[in-house]
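Input: a single structure, listed below in C-alpha coordinates.
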Amino acid sequence: MVASRIAQTALYQEVAERLRQRIFAHELPPGTRIDEQLLTVDYGISRTPLREALKVLAAEGLVTLKPRRGCYVTEISEQDLDEIFPLMAMLEGRCALEATKRVQPEQIARLETIHRQLERFAASNQIERFFVANQEFHARIQELSGNRWLQQVIQDLRKVLKLTRLFSLSIEGRLQQSLAEHTTILEAIKAGDAARAQNLMHDHILSGRQALVRSSVHQEWVA
(Lines give C-alpha, C1' and ligand atoms only; values in the text may rest on other atoms or scores of the structure.)
Protein backbone atom coordinates (compact mmCIF):
# COMPACT_ATOMS: atom_id res chain seq x y z
CA MET A 1 0.00 0.00 0.00
CA VAL A 2 2.74 2.46 0.97
CA ALA A 3 4.86 1.63 -2.10
CA SER A 4 1.88 2.14 -4.40
CA ARG A 5 1.07 5.51 -2.83
CA ILE A 6 4.66 6.74 -3.32
CA ALA A 7 4.66 5.70 -6.97
CA GLN A 8 1.39 7.54 -7.60
CA THR A 9 2.76 10.70 -5.99
CA ALA A 10 5.91 10.54 -8.13
CA LEU A 11 3.78 10.17 -11.25
CA TYR A 12 1.62 13.25 -10.78
CA GLN A 13 4.66 15.30 -9.78
CA GLU A 14 6.41 14.27 -12.99
CA VAL A 15 3.32 15.16 -15.02
CA ALA A 16 3.13 18.54 -13.29
CA GLU A 17 6.78 19.25 -14.11
CA ARG A 18 6.33 18.32 -17.78
CA LEU A 19 3.32 20.60 -18.09
CA ARG A 20 5.10 23.35 -16.15
CA GLN A 21 8.01 23.32 -18.61
CA ARG A 22 5.66 23.34 -21.60
CA ILE A 23 3.89 26.36 -20.12
CA PHE A 24 7.19 28.17 -19.48
CA ALA A 25 8.30 27.40 -23.05
CA HIS A 26 4.94 28.73 -24.28
CA GLU A 27 4.15 25.50 -26.06
CA LEU A 28 0.95 25.98 -24.05
CA PRO A 29 0.42 29.76 -24.28
CA PRO A 30 -1.68 31.76 -21.79
CA GLY A 31 -5.38 31.22 -22.40
CA THR A 32 -4.88 27.74 -23.89
CA ARG A 33 -7.42 25.15 -22.82
CA ILE A 34 -5.74 22.04 -21.39
CA ASP A 35 -6.96 19.04 -23.38
CA GLU A 36 -7.04 16.40 -20.66
CA GLN A 37 -8.04 13.55 -22.94
CA LEU A 38 -5.22 14.28 -25.37
CA LEU A 39 -2.66 14.54 -22.58
CA THR A 40 -3.66 11.22 -21.03
CA VAL A 41 -3.05 9.59 -24.43
CA ASP A 42 0.24 11.46 -25.04
CA TYR A 43 1.62 10.63 -21.58
CA GLY A 44 0.09 7.17 -21.35
CA ILE A 45 -1.55 7.89 -17.99
CA SER A 46 -5.02 7.90 -16.47
CA ARG A 47 -7.04 11.01 -15.63
CA THR A 48 -6.25 10.75 -11.90
CA PRO A 49 -2.53 11.72 -11.93
CA LEU A 50 -3.23 14.35 -14.59
CA ARG A 51 -5.91 16.03 -12.50
CA GLU A 52 -3.67 15.90 -9.43
CA ALA A 53 -0.93 17.55 -11.49
CA LEU A 54 -3.33 20.27 -12.63
CA LYS A 55 -4.25 20.96 -9.01
CA VAL A 56 -0.56 21.51 -8.26
CA LEU A 57 -0.21 23.93 -11.18
CA ALA A 58 -3.41 25.72 -10.15
CA ALA A 59 -1.98 26.23 -6.66
CA GLU A 60 1.10 27.79 -8.29
CA GLY A 61 -1.10 30.10 -10.34
CA LEU A 62 0.02 28.63 -13.66
CA VAL A 63 -3.39 27.26 -14.66
CA THR A 64 -6.94 28.22 -13.82
CA LEU A 65 -9.62 25.62 -13.13
CA LYS A 66 -13.01 26.80 -14.36
CA PRO A 67 -16.07 24.81 -13.19
CA ARG A 68 -17.80 23.02 -16.05
CA ARG A 69 -15.46 24.71 -18.55
CA GLY A 70 -12.19 22.92 -17.95
CA CYS A 71 -8.64 24.00 -17.21
CA TYR A 72 -6.82 26.90 -18.90
CA VAL A 73 -3.27 28.28 -18.82
CA THR A 74 -3.47 31.46 -16.74
CA GLU A 75 -3.42 34.79 -18.56
CA ILE A 76 -1.49 37.63 -16.88
CA SER A 77 -2.82 41.15 -17.36
CA GLU A 78 -1.00 44.48 -17.17
CA GLN A 79 -2.74 45.05 -13.84
CA ASP A 80 -1.37 41.72 -12.60
CA LEU A 81 2.14 42.85 -13.52
CA ASP A 82 1.63 46.21 -11.81
CA GLU A 83 0.67 44.32 -8.65
CA ILE A 84 3.34 41.61 -8.85
CA PHE A 85 6.42 43.72 -9.55
CA PRO A 86 6.21 45.91 -6.40
CA LEU A 87 5.76 42.75 -4.35
CA MET A 88 8.76 41.14 -6.04
CA ALA A 89 10.78 44.32 -5.42
CA MET A 90 9.93 44.23 -1.72
CA LEU A 91 10.74 40.53 -1.34
CA GLU A 92 13.97 40.52 -3.34
CA GLY A 93 15.06 43.70 -1.58
CA ARG A 94 14.62 41.92 1.74
CA CYS A 95 16.66 39.00 0.41
CA ALA A 96 19.49 41.35 -0.50
CA LEU A 97 19.40 42.86 2.99
CA GLU A 98 19.53 39.48 4.74
CA ALA A 99 22.15 38.13 2.34
CA THR A 100 24.43 41.11 2.98
CA LYS A 101 24.29 40.48 6.72
CA ARG A 102 25.20 36.79 6.31
CA VAL A 103 27.51 36.67 3.30
CA GLN A 104 31.02 35.22 3.63
CA PRO A 105 34.09 36.12 1.54
CA GLU A 106 33.98 32.93 -0.53
CA GLN A 107 30.31 33.58 -1.30
CA ILE A 108 31.11 37.10 -2.46
CA ALA A 109 33.73 35.58 -4.75
CA ARG A 110 31.00 33.43 -6.34
CA LEU A 111 28.82 36.50 -6.91
CA GLU A 112 31.79 38.26 -8.50
CA THR A 113 32.29 35.31 -10.86
CA ILE A 114 28.66 35.50 -11.96
CA HIS A 115 28.95 39.26 -12.36
CA ARG A 116 31.97 38.87 -14.64
CA GLN A 117 29.82 36.60 -16.79
CA LEU A 118 27.17 39.32 -16.91
CA GLU A 119 29.78 41.84 -18.03
CA ARG A 120 31.06 39.51 -20.74
CA PHE A 121 27.60 38.71 -22.08
CA ALA A 122 26.55 42.36 -22.00
CA ALA A 123 29.68 43.40 -23.91
CA SER A 124 28.93 40.86 -26.66
CA ASN A 125 25.17 41.50 -26.54
CA GLN A 126 24.42 37.85 -25.74
CA ILE A 127 20.97 38.47 -24.32
CA GLU A 128 19.95 34.86 -23.70
CA ARG A 129 23.18 34.05 -21.88
CA PHE A 130 22.91 37.27 -19.87
CA PHE A 131 19.39 36.18 -18.92
CA VAL A 132 20.63 32.85 -17.57
CA ALA A 133 23.47 34.46 -15.60
CA ASN A 134 21.06 37.06 -14.30
CA GLN A 135 18.77 34.36 -12.96
CA GLU A 136 21.74 32.71 -11.24
CA PHE A 137 22.81 36.04 -9.68
CA HIS A 138 19.35 36.59 -8.19
CA ALA A 139 19.02 32.97 -7.09
CA ARG A 140 22.38 33.11 -5.34
CA ILE A 141 21.40 36.21 -3.36
CA GLN A 142 18.12 34.56 -2.40
CA GLU A 143 20.03 31.49 -1.23
CA LEU A 144 22.49 33.60 0.73
CA SER A 145 19.63 35.23 2.62
CA GLY A 146 19.10 31.92 4.40
CA ASN A 147 15.37 32.64 4.48
CA ARG A 148 13.57 29.70 2.90
CA TRP A 149 10.17 31.39 3.20
CA LEU A 150 11.32 34.38 1.19
CA GLN A 151 12.86 32.07 -1.39
CA GLN A 152 9.67 30.06 -1.72
CA VAL A 153 7.41 33.07 -2.26
CA ILE A 154 9.83 34.65 -4.76
CA GLN A 155 10.11 31.41 -6.72
CA ASP A 156 6.32 31.10 -6.88
CA LEU A 157 5.96 34.67 -8.17
CA ARG A 158 8.71 34.20 -10.72
CA LYS A 159 6.87 31.14 -12.03
CA VAL A 160 3.81 33.31 -12.61
CA LEU A 161 5.91 35.97 -14.36
CA LYS A 162 7.15 33.31 -16.78
CA LEU A 163 3.61 33.19 -18.16
CA THR A 164 4.35 36.50 -19.89
CA ARG A 165 6.63 36.92 -22.88
CA LEU A 166 8.02 40.26 -21.73
CA PHE A 167 11.69 40.73 -22.47
CA SER A 168 13.01 43.97 -21.05
CA LEU A 169 16.58 43.12 -22.08
CA SER A 170 15.62 43.53 -25.74
CA ILE A 171 14.77 47.18 -25.10
CA GLU A 172 17.50 49.52 -26.28
CA GLY A 173 19.82 50.42 -23.43
CA ARG A 174 18.23 48.05 -20.90
CA LEU A 175 21.01 45.47 -21.05
CA GLN A 176 23.65 47.99 -19.95
CA GLN A 177 21.26 49.52 -17.44
CA SER A 178 20.60 46.11 -15.89
CA LEU A 179 24.35 45.41 -15.72
CA ALA A 180 24.97 48.74 -14.00
CA GLU A 181 22.25 47.96 -11.45
CA HIS A 182 23.79 44.56 -10.73
CA THR A 183 27.16 46.26 -10.27
CA THR A 184 25.87 48.65 -7.61
CA ILE A 185 24.02 45.84 -5.80
CA LEU A 186 27.20 43.75 -5.68
CA GLU A 187 29.22 46.74 -4.44
CA ALA A 188 26.74 47.31 -1.62
CA ILE A 189 26.87 43.64 -0.61
CA LYS A 190 30.69 43.67 -0.65
CA ALA A 191 30.68 46.83 1.48
CA GLY A 192 28.36 45.19 4.00
CA ASP A 193 25.78 47.96 3.50
CA ALA A 194 22.62 45.91 3.96
CA ALA A 195 20.18 48.84 3.78
CA ARG A 196 21.69 50.10 0.53
CA ALA A 197 21.69 46.60 -0.98
CA GLN A 198 18.01 46.31 -0.10
CA ASN A 199 17.12 49.64 -1.70
CA LEU A 200 19.16 48.98 -4.82
CA MET A 201 17.60 45.54 -5.35
CA HIS A 202 14.13 46.98 -4.80
CA ASP A 203 14.73 49.69 -7.41
CA HIS A 204 16.37 47.19 -9.78
CA ILE A 205 13.25 45.03 -9.91
CA LEU A 206 10.98 48.02 -10.48
CA SER A 207 13.21 49.40 -13.24
CA GLY A 208 12.56 46.23 -15.23
CA ARG A 209 8.84 46.92 -15.08
CA GLN A 210 9.35 50.60 -15.93
CA ALA A 211 11.36 49.64 -19.00
CA LEU A 212 8.49 47.47 -20.21
CA VAL A 213 5.98 50.27 -19.73
CA ARG A 214 8.09 52.45 -22.03
CA SER A 215 8.27 49.79 -24.70
CA SER A 216 5.97 47.76 -26.92
CA VAL A 217 8.35 44.76 -26.91
CA HIS A 218 6.59 41.62 -25.61
CA GLN A 219 8.73 38.52 -25.39
CA GLU A 220 9.94 37.61 -21.88
CA TRP A 221 10.67 39.49 -18.64
CA VAL A 222 13.90 39.66 -16.69
CA ALA A 223 15.06 42.00 -13.95
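Worth a mention:
- Long-range Cα-Cα pairs in the stretch 8-73 (distance over 20 Å), rounded percent: 16 percent
- Sequence-ordered 3J(HN,Hα) estimates for the stretch 66-71 from the Karplus curve with 6.51, -1.76 and 1.60 and θ = phi - 60° stand at 10, x, 6, 10, x, 10 Hz, glycine and proline given as x.
- T74 long-range amide H proximity, modeled H, under 5 Å: G31, V63, T64
- R116 paired with E60, simple spin-label distance in nm, labels 7 Å along Cα-to-beta-carbon: 3.4 nm
- Whole-Hz ³J(HN,Hα) from phi, Karplus 6.51 cos²θ - 1.76 cosθ + 1.60, for the stretch 34-43, glycine and proline x: 6, 7, 5, 5, 5, 5, 4, 6, 4, 8
- Residue-normalised accessible area of the chain, expressed per residue, 1.4 Å probe, Å²: 52 Å²
- Applying a DSSP loop filter and a limit of 11 other Cβ atoms within 10 Å to the GluC sites (Glu not before Pro) in the stretch 22-75 leaves E27.
- A straight Cα-to-Cα reach below 19 Å connects K162 with the lysines K55, residues fewer than 8 places away in its own chain not being considered.
- For a straight C-alpha distance cut-off of 16 angstrom, the lysines reachable from K101 (same-chain residues fewer than eight places away being disregarded) are K190.
- Remark: C-alpha extents of the stretch 78-221 on the principal axes read 41, 34, 21 Å, sorted largest to smallest.
The values are calculated or read from the model by the stated rules, or taken from the named source; none is laboratory data. Because the structure is predicted, anything quoted here is derived from the model rather than measured. Quick reminder, even Gly has a Cβ in these numbers, built from the backbone with ideal geometry, and neighbours come from all protein chains shown. Surface areas here come from the heavy atoms of the whole protein model, side chains and all, with no ligands, DNA or RNA. Shrake-Rupley method; radii C 1.70, N 1.55, O 1.52, S 1.80 Å.
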